[in-house]
Amino acid sequence: MTQWLTISRAAHLIGVARAELQRHVAGGLLPSHDGMVTTADLLKLYPGLSLEDTGAFEHITQIREEAFGRRIRERVLPNQEVLAQRLAAQSEELEDVRRHLAHYHDLIEMLRERIEQVASASASAQVAELGRFLDAGLASVLGSEEPADPLAVMDDVLRVMTARVMVRPSGHEFLVEGSETILDAALRAGLAPSYGCGNGNCGLCKARIVSGQTQPSRQTDYPLSAAERAQGYTLLCSHTAVSDLVIEMLEATAPDDIPVQEIIARVKSLTPLIADIALLHLQTPRSNRLRFLAGQRATLSVSGSTQNFRGEYPIASCPCDDRNLLFHIRRNEADEFARRLFAGALRPNDAVSLFGPVGEFVLHKDSTRDLLFLVCDTGFAPVKSLFEHAIAADLPGTVRLVWVATRADGHYLENQCRAWADALETFSYALLTAPSPEVAAAAAVERVLHDEDLMQRDVYVAGPAGFVECATLALGAAGLPPAQLRHELI
Ligand code: FES
């Protein structure tokens, strides 16, 4: 028997991006009704899938997570209590189906007897024909050796391992895996929920559970009022999902929705990417993580009795990992923070104040257009954040990157681009070199100017002033609507 699945669950089940299935639906390859698809249609589209492929999902997820430099999450089971509750719910469902089947069986037997009685009493050929039809139908059903639908079986397993959360009013969806909190699952899925401490103290992640069951995953200090509890409010940072949920949750849709924060982070590592560009990895305390939108900047400052310096840089990592913040710092004598950093003033475990986020270089809200990134040198940093966020959020459409370096070794994360292209068929990139930012702009625009789909893309330009000015002017002159263009000076 075929089974209906939401597109998110179907994508998770077979290990493809939701956007890929959405494209198949839009292209007519995958029939959909009210956002649901059937396991039978999925199997037609992906005929190679079988129960033995259950490992394929893990494998694909691992490739993607490695490509995006994330910590590989262990696919852990939910805790025993949650597992027991989900299994009990599934057993109840099964028992319900069994009870109904038994009733139908009794009904069919009674119908058969009744037909036999009527047929012998009336000698009606039509009633006798009806009896033969029923017998043949029953024999075919009972003798059928049709194998179980493998996707339906996989989905049953997935329902025990994960819970689906539907968010109101946005309609966003995400899955809670293992025993992770609802907040962590939302961040991992590229959503921008309201939150603060992440630790049960501030109350900023308060959300209303419209339906479904949750369970506390940690002790909290924040006191919800009796009225809030009665209305179903709970702290997303301190609860996991036992069953599928519908929740009402505040989400940031623009930079103004995110408050400026000040956090003391620690240097986790400082590694050279090339001779003049360093990768600074800061880690915040578990209970005080930086909330930001992909593409935004933060000010870093170091102060003490012997030193005091600061600088503002784009965050080069995804908001879905809000504890681990990456920055690409270029050697620059005019930049006090960079100068001190390259002089060895920062060491692992040193404290760095983070102030922010700031900046408007964020993805267009609710846009479904394809993305084009034109970057020069360390203009790659905010675009890396945008791209990783787009992948976490499973945004539909293709992504094209043109990265122009003004020095021969300037594509300092070329391997990263290759890994993305290997992991995602929707991503393509070109690496160019040019002697100056202005020439770099001309080269980047020339590379995309004759693309048929240029005017259908959201274009993000990042790099030195000369690059951004020339590229945005050229794109405007080519007819790109200003509303589809965002830029960032680095
Ligand atoms: S984020 Fe502070 S209580 Fe949840």
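The values are calculated or read from the model by the stated rules, or taken from the named source; none is laboratory data. Remember, predicted model here, so these are calculated numbers, not experimental data. Positions of Cβ are generated from backbone atoms using ideal geometry, with glycine treated the same way; all protein chains shown enter the neighbour counts.
Set side by side, the residues Asp377, Asp370, Asp366 differ, and just one is on the phi > 0 side of the Ramachandran plot, of a type outside the set (Val, Ile, Thr) and at pLDDT below 95, which is Asp366. For the stretch 350-391, a residue qualifies if it is in a strand (DSSP E or B) and over 28 Å from Thr284 (Cα atoms), and the qualifying residues are Asp370, Leu371, Leu372, Phe373, Leu374, Val375, Cys376. Scan the stretch 266-275 and tell me whether some residue there is touching a strand residue (DSSP E or B) at 6+ places or on another chain (Cβ under 7 Å) and assigned to a loop (DSSP other than H, G, I, E, B). No, because not a single residue in the stretch 266-275 is touching a strand residue (DSSP E or B) at 6+ places or on another chain (Cβ under 7 Å) and assigned to a loop (DSSP other than H, G, I, E, B).
Restricting attention to the stretch 426-449 and to residues that are polar (S, T, N, Q) and in a strand (DSSP E or B), the residue that is surrounded by the most Cβ atoms within 10 Å (Cβ to Cβ) turns out to be Thr433. All told, Ala471 falls short of being loosely packed, with under 14 Cβ neighbours inside 10 Å, closer than 23 Å to Val358 by Cβ and hydrophobic (A, V, I, L, M, F, W, C). When the test is whether a residue is touching a Gly at 6+ places or on another chain (Cβ under 8 Å) and either within 23 Å of Asp394 (Cα to Cα) or aromatic (Phe, Trp, Tyr) (or both), Ala254 does not pass it.
Residue check: Glu488 meets all listed conditions (1) surrounded by 16 or more Cβ atoms within 10 Å (Cβ to Cβ); (2) of a type in the set (D, E, K, R); (3) over 32 Å from the mean Cα position of the chain (by Cα) but one, namely (3).
In a residue-by-residue description of the stretch 286-297, the property of being surrounded by fewer than 18 Cβ atoms within 10 Å (Cβ to Cβ) and away from the ligand (no atom under 16 Å from the Cβ) applies to no position. Contact annotation: residue pairs with Cβ atoms under 8 Å, 6 or more positions apart or on different chains, pairing a residue in the stretch 375-399 that is basic (Lys, Arg) with a partner that is assigned to a loop (DSSP other than H, G, I, E, B), are Lys384/Ala316; Lys384/Ser317; Lys384/Leu413.
With the condition kept exactly as written, say whether any residue in the stretch 336-349 is in a loop (DSSP other than H, G, I, E, B) and touching a Ser or Thr at 6+ places or on another chain (Cβ under 8 Å). So far as the stretch 336-349 goes, yes, one or more of its residues are in a loop (DSSP other than H, G, I, E, B) and touching a Ser or Thr at 6+ places or on another chain (Cβ under 8 Å).
From the list Ala316, Ala278, the one residue that fits, being of a type in the set (A, V, I, L, M), in contact with a His (Cβ under 7 Å, 6 or more places away or on another chain) and modelled with pLDDT of 95 or more, is Ala316.
Inspect the stretch 249-265 for any residue being modelled with pLDDT of 95 or more, over 22 Å from the mean Cα position of the chain (by Cα), closer than 30 Å to His411 by Cα and more than 16 Å from the ligand (Cβ to nearest atom) and give the result as yes or no. Scanning the stretch 249-265, I find at least one residue that is modelled with pLDDT of 95 or more, over 22 Å from the mean Cα position of the chain (by Cα), closer than 30 Å to His411 by Cα and more than 16 Å from the ligand (Cβ to nearest atom), so the answer is yes. Taken together, the residues in the stretch 187-243 that are β-branched (Val, Ile, Thr) and near the ligand (Cβ under 8 Å from one of its atoms) amount to 1.
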